[in-house]
Amino acid sequence: MTALGKLLRTTAFRLTLVYLALFALYAALLLFFFAFNARWLITEQITTTVNNEVRGLNAQFEAGGIGRLSTIIELRSRRPGSSLYLVATPDGRGLAGNVASLDAGILGQIGWVETSYQRLDSPEGNEHHALVLVSQLPGGFHLLVGRDIEERQRIYDIIVTAGRWSIAAVVVLGLGGGFFVSRHILRRVDAITDKAQTIAAGDLSQRLPVAGTGDEIDRLTFNFNAMLDRIESLMRGFKEVSDNVAHDLKTPLTRLRNRCEAALRNARTDADYRAALDATIEESEGLIRTFDALLMIARAESGEAARGMVELDAAEIARGVGELYEPVAEEKGLRLAVDAPVPTLVRGHRELISQALANLVDNAIKYAAPAQPAAELALAGAGEAPAPSVAPAVGATPSITVMARNDGDRVVLTIADSGPGIPPASRAYAVERFVRLEQSRSQPGSGLGLSLASAVAHLHHGELKLEDNAPGLKAMIILPRAGPQVSS
């Protein structure tokens, strides 16, 4: 397709043609209105003037007869710019006036009529047009009074001519403006199309160009680029997950296979086979938990779980999780307390919020226990290096606190422990998938916990924050609040 063809097919040019046609139609109607009203106004002025003259002449005829009327008409006919006057006998012979000739039969048409005429003082053959009023006087005489209407026609022609040129100028300027606007928009669309083709070819790092005008194309481009950012992030995450799954699951799968092979080579009794099967099942359950966590993260990040959101009390979930893990904490020599005295309403997915809190509490128990002083990660499997923080007092029982509170238009769910904590430089890195900081690699886990908590928070339009608890770690899930906004 040629450049001109592409230009003519653009929506902008077609819209320009539509608006141009509508404006031209409006201008034509407005021109007709002005021309018609100008013609009507001049005609009205002529009829008013002639009617007044006819009434005066009729009064003169009644007062002095045909002789006086003829004398007055002769006097008026000599005035510069006078009206048309003619007094004629019943047979049409002129007695007085300034009209030399009329169209045939005009004197027989009583009332208003348009006619061509020639004045007595005009050159031979110089005809004009007039609007005249013909009336019949007593005795059969005819009185004709009128005004020339060529001035009316000239004004009408001037308006029509000016209107035609104006419409022509509007059409030319409109087409020129349409070509300019269409060409400008077409250049932007072509640039966007070229960049989109590059992106479609696989280069997701490219972005559509933004002109910076803030118009509808810029708004569309901005939203499209935001969508590309999200797609690129998901694709990068998918690649990372694929790489991490291949890397991190290879070890347990290899260990699983080795145990099976060892059982086949070395087992001699039923007890040996049972022990091998128990170890295999335990390893398999770890793999299943890893895949369950991956599926839950994918479910949260895809937004699929948003359809199951209802209004719920996050404090009730916190109390339930605390009650569930309190015996586990006691076995580890920890004191677990729950501080959730008032309802904290959110609109969310109960299962996902419960799982996120459970993982945080499970992790706090795992790394805050007295037997594990070296490392802590705030979710199952995510390791953390010791952070410079205040050590617990000698003889003090390590503690974990689960809190739920309202904070204005937000609900804050906090799990605070007295473990080693995570240094600030490692906190952002710790929430990525399969991340296990060096000091946590001796602990069981897959490194998916903080990723799940972060995904659940973002699904609910919230965030996961990791802060120093001095000593220990404070993990906070911050969610938008539902219901009355009263701090507690």
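The values are calculated or read from the model by the stated rules, or taken from the named source; none is laboratory data. Computed from a predicted model, the values in this text were never measured in an experiment. Please note: Cβ atoms are built from the backbone with ideal geometry, for glycine as well, and neighbour counts cover all protein chains shown. Accessible surface areas use protein heavy atoms only, side chains included; no ligands, DNA or RNA. Shrake-Rupley method; radii C 1.70, N 1.55, O 1.52, S 1.80 Å.
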*Restricting the search to the range 38-59, which residues are of a type outside the set (Ser, Thr, Tyr) and within 60 Å of the chain's Cα centre (by Cα)?*
ALA38, ARG39, TRP40, LEU41, ILE42, GLU44, GLN45
*Looking only at the range 1-37, count how many residues are open to solvent by less than 80 Å² (accessible area, probe 1.4 Å) and either of a type outside the set (A, V, I, L, M, F, W, C) or at pLDDT 85 or above (or both).*
5
*Take the range 77-94 and flag every residue that is in contact (Cβ under 8 Å) with a residue 12 or more places away in the chain and surrounded by 13 or more Cβ atoms within 10 Å (Cβ to Cβ).*
SER77, SER82, SER83, LEU84, TYR85, LEU86, VAL87, ALA88, THR89, GLY92
*Which number in (1) without any contact (Cβ under 8 Å) to a residue 40 or more places away in the chain; (2) in a helix (DSSP H, G or I); (3) closer than 19 Å to SER83 by Cβ marks the one condition that VAL134 misses?*
(2)
*Restricting the range 190-220 to residues that are part of a helix (DSSP H, G or I) and either touching a residue at least 60 places away in the same chain (Cβ under 8 Å) or hydroxyl-bearing (Ser, Thr, Tyr) (or both), the residue that is surrounded by the fewest Cβ atoms within 10 Å (Cβ to Cβ)*: THR193
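Just need a number here: residues in the range 465-477 that are open to solvent by 10 Å² or more (accessible area, probe 1.4 Å) and in contact (Cβ under 8 Å) with a residue 40 or more places away in the chain.
Going through the range 465-477, the residues open to solvent by 10 Å² or more (accessible area, probe 1.4 Å) turn out to be 465-471, 474, 476.
Next, only the ones that are in contact (Cβ under 8 Å) with a residue 40 or more places away in the chain stay: 466, 468-471, 474, 476.
Residues meeting the conditions: 7.
Counting only residues that are in contact with a helix residue (DSSP H, G or I) (Cβ under 7 Å, 6 or more places away or on another chain) and open to solvent by 60 Å² or more (accessible area, probe 1.4 Å), how many does the range 158-174 have?
1
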*Residue check, VAL346 against (1) modelled with pLDDT under 90; (2) open to solvent by less than 50 Å² (accessible area, probe 1.4 Å), all met but one. Which one?*
(1)
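Under the condition of being of a type in the set (Asp, Glu) and touching a Leu at 6+ places or on another chain (Cβ under 7 Å), which residue from the range 313-343 is most open to solvent (accessible area, probe 1.4 Å)? First the steps, then the outcome.
Residues of the range 313-343 that are of a type in the set (Asp, Glu), as a first pass: 313, 316, 323, 326, 330-331, 339.
Add one more test, that the residue is touching a Leu at 6+ places or on another chain (Cβ under 7 Å), and what stays is 313, 326.
On the way: ASP313: 25, GLU326: 79 Å².
Top of the filtered list is GLU326.
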*Looking at (1) within 30 Å of LEU41 (Cβ to Cβ); (2) surrounded by 13 or more Cβ atoms within 10 Å (Cβ to Cβ), find the lone condition where ALA59 falls short.*
(2)
*Counting just the residues of the range 110-131 that are open to solvent by 90 Å² or more (accessible area, probe 1.4 Å) and not in a strand (DSSP E or B), which one comes out nearest to ALA59 (Cα to Cα)?*
ILE110
*Please identify the pairs in which a residue from the range 404-416 that is assigned to a loop (DSSP other than H, G, I, E, B) has its Cβ atom under 6 Å from the Cβ atom of a residue that is at pLDDT below 90, counting only partners at least 6 apart or on another chain.*
GLY408/GLN485; GLY408/SER487; ASP409/GLN485
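Here's the yes/no breakdown for (1) in contact with a Phe, Trp or Tyr (Cβ under 6 Å, 6 or more places away or on another chain); (2) modelled with pLDDT of 90 or more; (3) closer than 24 Å to HIS458 by Cβ:
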residue: ASP339; (1), (2), (3): no, yes, no
residue: ASN359; (1), (2), (3): no, no, yes
residue: ALA391; (1), (2), (3): no, no, no
residue: ALA416; (1), (2), (3): no, yes, yes
residue: GLY419; (1), (2), (3): yes, no, no
*Which condition breaks for VAL99 when tested against (1) more than 27 Å from LEU41 (Cα to Cα); (2) of a type in the set (A, V, I, L, M); (3) open to solvent by less than 60 Å² (accessible area, probe 1.4 Å)?*
(1)
